[in-house]
Protein chains: 2
Amino acid sequence: MQDALTRKLESFEELTDADRAALRALVPRLRQVPARTDLIQEGDKPENVHLILDGYACRYKVLPDGQRQIMAFFVPGDFCDLNVFILDQMDHAIGTISPCKTVEIPRHAIEDITAHHPRVTRALMWCALVDEAVLREWLVNIGGRQADQRIAHLFCELLLRLEAVGRVTDNSFPFPFTQTDIADTMGLSDVQVSRSLRELRALGLIHLKRRVLTILDVEQLKAYCGFNPNYLHLRNARWSGRRQVPWLSSVRGE
Amino acid sequence: MQDALTRKLESFEELTDADRAALRALVPRLRQVPARTDLIQEGDKPENVHLILDGYACRYKVLPDGQRQIMAFFVPGDFCDLNVFILDQMDHAIGTISPCKTVEIPRHAIEDITAHHPRVTRALMWCALVDEAVLREWLVNIGGRQADQRIAHLFCELLLRLEAVGRVTDNSFPFPFTQTDIADTMGLSDVQVSRSLRELRALGLIHLKRRVLTILDVEQLKAYCGFNPNYLHLRNARWSGRRQVPWLSSVRGE
DNA sequence: CGGTTTATTGAAAACCTTCAAAGGCGGTGG
DNA sequence: CCACCGCCTTTGAAGGTTTTCAATAAACCG
């Protein structure tokens, strides 16, 4: 288990033996969480950092009028709350979409490590920075594109992120989101999501059935929404030469 | 000058003498930058971290079709790119709105310090985390509210952020943004921004003239858009008891 | 298989954008 | 000091996108 974490971080930054030893000293808790369950709620004091090993989760906030806004999706290999664990109080919630296998790492353990292991700190920061770049792109997406293209953009992003962790076969991947989930993510009504999906299907760009999404024409879908993958920062030197992040597949059997 | 930086960070985290000495060893460059000028452009390799001492700047991205999306505003006391300086390549640009007084801190200097001064690192992370919380709230704002309320929310946020650094008097503050700037921030057309401002004026909530914005009724404006300031994390223990961040006023005379 | 959730569709209304024109404001130069 | 120019703002009208409401159909889940 610790091995999984070590490998993920090493794909960003070279670690020393001392760094690795410190990471091994962690006692992470493995959890199986049902679908539609909160990992943390707004107002909670973050005690643990959550790493998703399997399944999908999301970061969201509920407004006083009951409106929900989803601000991030988490796929296998993602830290949910690395970027907020320092804060005294959660200003949003994190919940599962599908059933998830997660790891909890105590907050103090992260703090101890970062206090003494600058390379680990840098690797963790890199993870957080990419998450933030994704968040910025979502703002661009919602602010600047109309419904069909917003959704197309989301599909392109998920395809690349899931490919990076080896969860895509033949341009298909699990898609447990309801149309209401997508609506709350994209600032749309669920009705409009339904219509947009119909449009994307009619254009022959996607196939979505039984919670599996297939991108029928990747290049055309990217062109349709003007997708530019640079914000995912997948092609950096530290990452290059690896088709797939190895630490994930090694975990699956556990 | 270094003093300014030290004090800002100390409002987040207690530093040791060694930490302070390391910060003093920095040789920051003070710059006066004209309005509407890029500090960094998309594709650049980030070499410096920019700190705004005076004026307003923004983080933005331009889509292939010429559409501009503004993703953050920077006010005095804000780091522009603390959260991206690790990345190999900028995936967006940062430019001034008004004339700005800025400080450039070399990237390697930050890296050296964070490698050896965990408390400084934590303080910098805190800054970055609050920036990200603001970004999340912008997503909520654009995704969930309609034009008038979006703009009202932005005004509430700016009021609090500028109050925290002592730049508000009688609920008034400099407002150098054009309506097109606001439009590109909120994912609206400039025409709609104009109409929304008319509405907010008609409701007696704001007064905006000659690039000065006055909030006429703070509580009602907050109620109008359902503003919840918790995401700014201004009331945390480390911050409490200080009406104003002292390090900014000490810089103004320089 | 029955009940519940999720997805689809139509029609009307709300919101926002686009286009176009006019008015205001500030700065510059005569 | 005034006239002019450019940029920014305001307003109207038409059109497009999206939401809302409501009803039906399909998929999912014990």
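Would you check which residues across region B:16-25 are away from chain A (no Cβ under 14 Å) and either part of a loop (DSSP other than H, G, I, E, B) or of a type in the set (K, R) (or both) and list them? Correct list: B:R20, B:R24, B:A25. Among the residues making up region A:166-183, those that are away from DNA strand C (no atom under 11 Å from the Cβ) and either over 16 Å from the mean Cα position of the chain (by Cα) or among the small types (G, A, S) (or both) are A:G166, A:T169, A:D170, A:N171, A:S172. Among the residues of region B:166-202, those identified as away from DNA strand D (no atom under 14 Å from the Cβ) and not small (G, A, S) are B:R167, B:V168, B:T169, B:D170, B:N171, B:F173. Note on region A:56-89: among residues that are free of Cβ contacts under 8 Å to residues at least 60 places away in the same chain and of a type in the set (G, A, S), the one that is nearest to A:A164 (Cα to Cα) is A:A57.
Name the single residue, out of those in region B:203-226 being in contact with a His (Cβ under 9 Å, 6 or more places away or on another chain) and assigned to a strand (DSSP E or B), that is nearest to DNA strand D (Cβ to nearest atom). Per the criteria, the residue is B:L213.
Which of the following residues is surrounded by fewer than 19 Cβ atoms within 10 Å (Cβ to Cβ) and among the aliphatic types (A, V, I, L, M): A:L200, A:L208, A:L188? None of the others qualify; the one that does is A:L208. Can you say whether A:T121 is without any contact (Cβ under 8 Å) to a residue 12 or more places away in the chain, in contact with a helix residue (DSSP H, G or I) (Cβ under 7 Å, 6 or more places away or on another chain), more than 11 Å from DNA strand D (Cβ to nearest atom) and not hydrophobic (A, V, I, L, M, F, W, C), as far as the supplied structure shows? For A:T121, the condition - without any contact (Cβ under 8 Å) to a residue 12 or more places away in the chain, in contact with a helix residue (DSSP H, G or I) (Cβ under 7 Å, 6 or more places away or on another chain), more than 11 Å from DNA strand D (Cβ to nearest atom) and not hydrophobic (A, V, I, L, M, F, W, C) - is met. Helices (runs of 4 or more DSSP H) fully within region B:102-184 that include at least 2 residues being surrounded by fewer than 22 Cβ atoms within 10 Å (Cβ to Cβ), charged (D, E, K, R) and away from chain A (no Cβ under 14 Å): B:147-164. Scanning region B:176-209 for residues that are over 21 Å from B:L135 (Cβ atoms) and hydrophobic (A, V, I, L, M, F, W, C) gives B:V191, B:L197, B:L200, B:A202, B:L203, B:L205, B:I206, B:L208. The condition of being within 28 Å of A:A25 (Cα to Cα), under 16 Å from the mean Cα position of the chain (by Cα) and at pLDDT below 95 holds for only one of A:F85, A:F79, that being A:F79. Taking the criterion of being assigned by TED's automatic domain parsing to the domain that holds A:S189 and either under 12 Å from A:L232 (Cα atoms) or at pLDDT below 95 (or both), the residues of region A:122-162 that qualify are A:C156, A:E157, A:L158, A:L159, A:L160, A:R161, A:L162.
May I ask you to verify whether A:A25 is surrounded by fewer than 20 Cβ atoms within 10 Å (Cβ to Cβ), assigned by TED's automatic domain parsing to the domain that holds A:T96, farther than 27 Å from A:A133 by Cα and in contact with a His (Cβ under 8 Å, 6 or more places away or on another chain)? Taking the combined requirement at face value, the residue does not satisfy it.
Looking only at residues of region B:17-56 that are at pLDDT below 90 and of a type in the set (K, R), we find that the one that is farthest from B:F177 (Cα to Cα) is B:R20. Note on region B:94-109: residues that are of a type in the set (A, V, I, L, M) and either more than 20 Å from the chain's Cα centre (by Cα) or not assigned by TED's automatic domain parsing to the domain that holds B:Q41 (or both) amount to 1. Within region A:190-239, restricting attention to residues that are in contact with a helix residue (DSSP H, G or I) (Cβ under 6 Å, 6 or more places away or on another chain) and small (G, A, S), the residue that is nearest to the other protein chains (Cβ to nearest Cβ) is A:S196. Condition first: in contact (Cβ under 8 Å) with a residue 24 or more places away in the chain and surrounded by 21 or more Cβ atoms within 10 Å (Cβ to Cβ). Can you find one or more residues in region A:29-37 that meet it? No, there is no match, as no residue in region A:29-37 is in contact (Cβ under 8 Å) with a residue 24 or more places away in the chain and surrounded by 21 or more Cβ atoms within 10 Å (Cβ to Cβ).
The values are calculated or read from the model by the stated rules, or taken from the named source; none is laboratory data. Note that the structure is a prediction, hence the values are computed from the model and not measured. Heads up, the Cβs are rebuilt from the backbone with ideal geometry, glycines too, and the neighbour counts pull from every protein chain shown.
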